[in-house]
Amino acid sequence: MAEFFGIILGTFVAEDIALASALYLVSIEKLSLVAAFLACSLGIAIGDVALFFLGRLIARYWSSSKNRFVQPILRRHKSTAPRRFGATVIFASRFVPGTRLPTYVGAGLTQYSLNSFLILTVTSVLAWVGMSFSVAGGLFQLANGYLYLAVPGFFLALALLRWGILGVVNPWQRKAYRFSWSKYAYFEFWPSWAFYPPVLVWYVWLSIRYRNPFLPLYSNPSILNGGLIGESKGEIYDSLRNANPAFLLKTKLVVYSPTQEKEVRKLVEDQQFQFPLVLKPDKGQRGYGVKVIRSFEELDQYFCRFNFDLLVQEYCVWKHEAGIFYYRMPDEKKGRIFSITDKTLPEVVGDGQTTLGDLILSDPRARLIAMTYFKELGGRENDVPPAGHRILLTETGNHCKGAIFSNHAALSTAALLATIEEIFESIPGFFIGRLDVRYESAEALREGRNFKIVELNGAGSEATHIWDRNTGLFEAYRVLFQQWDILFRVGEIVREKGIGRPVSLFQLIRDYFAFVAT
């Protein structure tokens, strides 16, 4: 009996380990197969239902709160509940890694039917435990009771099972598996948790060296938290209003409301904007929610997926894109261009016979991150482009969306620096950050003309040329270490001059959670 309840409690901590432990207890005859199956199923189901009720509790707190921050979020979730959650989503999340927690909490948060949720989660748990036992149970027999062989085999089997389920759901993902594993040979494709720990250690060292971990938050007094967290893209772009209009794109902030979609539609109908146009979150990062919209139908689809304060921006027809990282010490009159990154939007060319998915998988670089491009294509993998027809694989200059970054330091000239200086002089209290621009040609950019500012980023931006394939790992870290050292020095000078507002830890935490929630 102790083993039975031990397995139930174990599922609350780590269900994969609980499953492995249950099968091991069966193999040494400490627990019957039926009891092991029931213990695992019961424990996992209880945990899933607990997540659902956690969402209900959060919703109850929010509904009684008069806080101006939580109320818009609550309205947003209520308005999108029918669109976000359905039987298929809840059932499938049991088998798709990383989706269960947000799906189950979200189902409770949006007042999804308890009876329907119980039926779906119990059914999916029974199916999952049954498959896990069927696939992994044989490993214990094959290992003949040797735990050191059976347990690693069990976790490998679970991983293969999850991948297999994803492959059944999406056959293009199964094809992409052949190549995606090799992308990790290049650090540009490493996950954040694998790449950034040395940078975090360097940040801690700089905090000790400068005796203040909050100095980067002072770096740009004109931007909330220096542009490190929680800043509004709309407010930053609005700060450019005194710059030369020739460098600006028409941009308008549309705050979240039940009539938000109608407001954006009216902007087009009144010819204030025209298709194509760009929609992006007012508070966002890594290209999340950025989309080029070409029709009212695409506009409707966008609002079925996203709900937040957003920017409507004029679409720039120039295809070249660059990130220009600039800084100026507050006690100096002239600044420097620290980095220029050219951003190439990858494309494939149709031959009239090959599907779009196979064109991607036949490209040596594109196939490494094929699933990224498949997601951007929105289900068009089976389309067969006409011969000679060029298809962009992504329309935004974000590395995480598949744009190709290269070091274009050669674009840095005195003429370009002079133009950049004029732009930043129009923004009092801005000392360090990155301009993302679209430009007509390399020659024009070198001469400081014919470019449009897509976005201005503050302290949270980075010198993105490090993601150039030809940049070595140690060189990338050297650049990032230097960048953060500059950021601390700028922040220190700003704080000493008293031109930056004091940083409140409580306000910073609040801004962080507001940023994450949107």
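The values are calculated or read from the model by the stated rules, or taken from the named source; none is laboratory data. This is a predicted model, so every value here is computed, not measured. As a convention, Cβ positions derive from the backbone with ideal geometry for all residues, glycine included, and neighbour counts pool all protein chains shown. What goes into the accessible areas is simple: the full protein's heavy atoms, side chains included, and nothing from ligands, DNA or RNA. Shrake-Rupley method; radii C 1.70, N 1.55, O 1.52, S 1.80 Å.
For residues that are closer than 16 Å to residue 343 by Cα and of a type in the set (A, V, I, L, M), scanning just the stretch 422-443, find the one that is most open to solvent (accessible area, probe 1.4 Å).
Only one residue tops the list, namely 442.
Go through the stretch 250-272 and give me each residue that's hydroxyl-bearing (Ser, Thr, Tyr) and closer than 11 Å to residue 309 by Cα.
Within the stretch 250-272, the first condition is being hydroxyl-bearing (Ser, Thr, Tyr), and the residues that meet it are 251, 256-257, 259.
Residues satisfying the conditions are 256, 257.
Does any residue of the stretch 7-20 turn out to be surrounded by fewer than 19 Cβ atoms within 10 Å (Cβ to Cβ), modelled with pLDDT under 80, on the phi > 0 side of the Ramachandran plot and not β-branched (Val, Ile, Thr)?
No; the residues of the stretch 7-20 include none that is surrounded by fewer than 19 Cβ atoms within 10 Å (Cβ to Cβ), modelled with pLDDT under 80, on the phi > 0 side of the Ramachandran plot and not β-branched (Val, Ile, Thr).
Among the candidates 190, 202, 163, which residue alone is open to solvent by 70 Å² or more (accessible area, probe 1.4 Å), at pLDDT 65 or above and among the aromatic types (Phe, Trp, Tyr)? First the steps, then the outcome.
Values: 202 fails: open to solvent by 70 Å² or more (accessible area, probe 1.4 Å); 163 fails: at pLDDT 65 or above.
On inspection, the qualifying residue turns out to be 190.
Could you tell me which of the residues 459, 418 is surrounded by 20 or more Cβ atoms within 10 Å (Cβ to Cβ), among the hydrophobic types (A, V, I, L, M, F, W, C), in contact with a Gly (Cβ under 7 Å, 6 or more places away or on another chain) and in contact (Cβ under 8 Å) with a residue 24 or more places away in the chain? Talk me through it step by step, then tell me what you get.
Values: 418 fails: surrounded by 20 or more Cβ atoms within 10 Å (Cβ to Cβ).
On inspection, the qualifying residue turns out to be 459.
Kindly provide the set of residues from the stretch 238-258 that are part of a loop (DSSP other than H, G, I, E, B) and closer than 19 Å to residue 436 by Cα, ordered by number. Lay out the reasoning, then the answer.
Applying the first criterion (part of a loop (DSSP other than H, G, I, E, B)) to the stretch 238-258 yields 243-244, 249-250, 255-258.
Passing the criteria: 243, 244, 249, 250.
Select, from 261, 235, the only residue that is open to solvent by 70 Å² or more (accessible area, probe 1.4 Å) and either touching an Asp or Glu at 6+ places or on another chain (Cβ under 7 Å) or part of a helix (DSSP H, G or I) (or both). Full working, then the answer.
Values: 261 fails: open to solvent by 70 Å² or more (accessible area, probe 1.4 Å).
Exactly one residue qualifies, and that residue is 235.
State whether one or more residues within the stretch 510-518 are part of a loop (DSSP other than H, G, I, E, B), modelled with pLDDT under 65 and under 21 Å from the mean Cα position of the chain (by Cα).
First, pick out the residues of the stretch 510-518 that are part of a loop (DSSP other than H, G, I, E, B): 518.
Of the ones still in play, those that are also modelled with pLDDT under 65 are 518.
Among the residues that remain, those that are also under 21 Å from the mean Cα position of the chain (by Cα) are: 518.
The answer is yes; a qualifying residue exists.
Check 315, 326, 302 and return the single one that is within 20 Å of the chain's Cα centre (by Cα) and hydroxyl-bearing (Ser, Thr, Tyr).
On the way: 315 fails: within 20 Å of the chain's Cα centre (by Cα); 326 fails: within 20 Å of the chain's Cα centre (by Cα).
Exactly one of 315, 326, 302 is within 20 Å of the chain's Cα centre (by Cα) and hydroxyl-bearing (Ser, Thr, Tyr), namely 302.
Just the residues that are without any contact (Cβ under 8 Å) to a residue 12 or more places away in the chain, assigned to a helix (DSSP H, G or I) and within 18 Å of residue 50 (Cβ to Cβ), please, taken from the stretch 1-16.
Answer for the stretch 1-16, where residues must be without any contact (Cβ under 8 Å) to a residue 12 or more places away in the chain, assigned to a helix (DSSP H, G or I) and within 18 Å of residue 50 (Cβ to Cβ): just 13.
Looking at residue 401 and the list (1) out of contact with any Lys or Arg (no Cβ under 6 Å at 6 or more places or on another chain); (2) farther than 18 Å from residue 437 by Cβ; (3) crowded, with 17+ Cβ neighbours inside 10 Å, which single condition is not satisfied?
Looking at each condition in turn, residue 401 falls short on (2).
Can residue 136 be described as at pLDDT 80 or above, hydrophobic (A, V, I, L, M, F, W, C) and either within 22 Å of residue 12 (Cα to Cα) or loosely packed, with under 15 Cβ neighbours inside 10 Å (or both)?
no
Residue 246 versus (1) open to solvent by 30 Å² or more (accessible area, probe 1.4 Å); (2) over 16 Å from residue 454 (Cα atoms): which is the lone unmet condition?
Condition not satisfied by residue 246: (2).
Quick one: which strands (runs of 3 or more DSSP E) sit completely within the stretch 266-379 and have at least 3 residues that are among the β-branched types (Val, Ile, Thr), out of contact with any Asp or Glu (no Cβ under 6 Å at 6 or more places or on another chain) and surrounded by 17 or more Cβ atoms within 10 Å (Cβ to Cβ)? Quick ask: steps written out before the conclusion?
Values: elements: 277-281, 291-293, 310-314, 320-327, 336-344, 347-349.
Those strands (runs of 3 or more DSSP E) span 336-344.
Collect the residues in the stretch 205-214 that are buried (at least 17 other Cβ atoms within 10 Å of the Cβ) and under 15 Å from residue 480 (Cα atoms), keeping them in residue-number order.
The answer is 206, and nothing else.
For every residue, the table says whether it meets (1) more than 25 Å from residue 345 (Cα to Cα); (2) acidic (Asp, Glu).
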{"site": "247", "(1), (2)": "no, no"}
{"site": "257", "(1), (2)": "yes, no"}
{"site": "287", "(1), (2)": "no, no"}
{"site": "294", "(1), (2)": "no, no"}
{"site": "298", "(1), (2)": "no, yes"}
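Collect the residues in the stretch 380-395 that are of a type in the set (S, T, N, Q) and surrounded by 20 or more Cβ atoms within 10 Å (Cβ to Cβ), keeping them in residue-number order. Spell out the reasoning first.
We begin by selecting, within the stretch 380-395, every residue of a type in the set (S, T, N, Q); these are 382, 394.
Scanning the stretch 380-395 gives a single hit, 394.
Which one of these is of a type in the set (Gly, Ala, Ser), under 24 Å from the mean Cα position of the chain (by Cα) and surrounded by fewer than 16 Cβ atoms within 10 Å (Cβ to Cβ): 185, 176?
185
How do the pairs read when you match residues in the stretch 108-119 that are outside any helix (DSSP H, G or I) with residues anywhere that are at pLDDT below 80 and open to solvent by 50 Å² or more (accessible area, probe 1.4 Å), using Cβ under 9 Å and keeping only pairs 6 or more apart or on different chains?
Within 9 Å, the pairs are 110/78; 110/82; 110/84; 111/78.
Within the stretch 441-475, how many residues turn out to be closer than 15 Å to residue 408 by Cα, touching a helix residue (DSSP H, G or I) at 6+ places or on another chain (Cβ under 9 Å) and aliphatic (A, V, I, L, M)?
4
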